[in-house]
Amino acid sequence: MATKRRRLSADTPPQCSISSISDLPNEPLQHIASILVKPSRVLLALAIDAHDGLSSALSSAIVGDQWDTLDFGEIERKLAAILSDEHINAILVRIDAVNRVKKLKLTNCINITGAGLGPLSESSIIEQIDLSLVGDHEHYRSNFRPLISCRPQDHVLPILDSIFEREGCSLRNLRFPSVWWTGGRFEQLLRRYSELLTNHGVSCLKCNVNLPPENESWIDSSGNQKYTCYKCLKHYCRKCTRPDDIYVDDPYMLGYCDHCEKRVV
Ligand SMILES: [Zn+2]
Ligand SMILES: [Zn+2]
């Protein structure tokens with residue numbers, strides 16, 4: 001894409017040359033990007049690109065290449081709440097999420113249906129997807145009904161299925177919106193996901209017992225995955241971790257194993 005970007009010179013005094021952010025030289029933009037949280041970096045690149053166009057090199061410099069984790073909890077709650085599926089799609093495409101992102105957390109992205117997650121389809125590297133839309137120890141208001149749904153005719157299930165079915169699938173942790181428990185087809189999704197984990201041969205890292213235990217399920221009634229540390233994604237049985245770590249009484253608190261430095265308190 002052609003770019004209007006240019007460097008300032010002594011012949012073009014800065015006060016006369018800069019009429020928009022796209023007129024800034026590269027170095028200040030890169031510096032601005034360097035102090036932003038990661039989702040804001042890519043939003044900045046998309047905004048400049050939409051306005052004036054952005055060279056591939058400068059786009060890469062602004063966006064960066066450390067995208068193991070994409071967590072919308074890093075940005076202002078109000079900003080995350082107005083992001084659309086188009087925004088999410090553009091972000092995932094811009095950062096090449098299908099080949100880079102291992103952890104995706106859609107914290108506070110309450111305005112999406114899930115259609116924007118398409119670029120993640122068939123990812124073989126994604127390990128964790130948090131669809132709960134809430135922060136680590138938050139929960140929905142009782143009357144809140146998110147747009148994102150688990151109905152088969154909607155967007156999320158086909159995307160998840162494409163990941164489940166991908167050869168070499170790395171998925172180890174899903175967190176669901178708790179309201180999905182009232183949805184009709186959620187049981188089918190849970191069954192397919194449980195089969196995936198079982199096919200992986202998941203067992204306790206310490207004692208090697210198969211997980212989940214007989215007659216137990218992977219997901220609790222709040223949409224959180226059991227036997228899995230939310231931070232390091234390692235699996236432990238109940239006997240091999242402290243009761244207040246992976247297994248918490250408050251359904252809205254996430255479990256961290258005793259090897260991880262911080263627990264949700
Ligand atoms: Zn164990
Ligand atoms: Zn851990």
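The values are calculated or read from the model by the stated rules, or taken from the named source; none is laboratory data. This is a predicted model, so every value here is computed, not measured. Counting neighbours? That spans all protein chains shown, and the Cβs are built from the backbone with ideal geometry, glycine included. Note: accessible area is taken over every heavy atom of the protein model, side chains too, but ligands, DNA and RNA are not part of it. Shrake-Rupley method; radii C 1.70, N 1.55, O 1.52, S 1.80 Å.
Remarks
- Residue selected from the stretch 230-241 under the condition within 13 Å of ligand 1 (Cβ to nearest atom) and part of a loop (DSSP other than H, G, I, E, B), by the criterion modelled with the highest pLDDT: 234
- In the stretch 189-196, the count of residues that are open to solvent by 70 Å² or more (accessible area, probe 1.4 Å), modelled with pLDDT of 85 or more and not in a loop (DSSP other than H, G, I, E, B) is one or more.
- So residue 30, is it open to solvent by 70 Å² or more (accessible area, probe 1.4 Å) and closer than 23 Å to residue 98 by Cβ: no
- Of all the numbered requirements in (1) free of Cβ contacts under 8 Å to residues at least 40 places away in the same chain; (2) not in a helix (DSSP H, G or I), residue 54 misses one, and that requirement is (1).
- Scanning the stretch 50-81 for residues that are open to solvent by less than 60 Å² (accessible area, probe 1.4 Å), touching a strand residue (DSSP E or B) at 6+ places or on another chain (Cβ under 8 Å) and not polar (S, T, N, Q) gives 70, 71, 72, 73.
- Number of the condition not met by residue 204 [criteria: (1) modelled with pLDDT of 85 or more; (2) touching a Gly at 6+ places or on another chain (Cβ under 7 Å); (3) not hydroxyl-bearing (Ser, Thr, Tyr)]: (2)
- Residue within the stretch 5-25 that is among the acidic types (Asp, Glu) and modelled with pLDDT under 85 present: yes
- If you go through the stretch 197-212 and keep only what is part of a helix (DSSP H, G or I) and open to solvent by 20 Å² or more (accessible area, probe 1.4 Å), you end up with 198, 199, 200.
- Any hit, the stretch 31-38, residues being farther than 28 Å from residue 136 by Cβ and modelled with pLDDT under 90: yes
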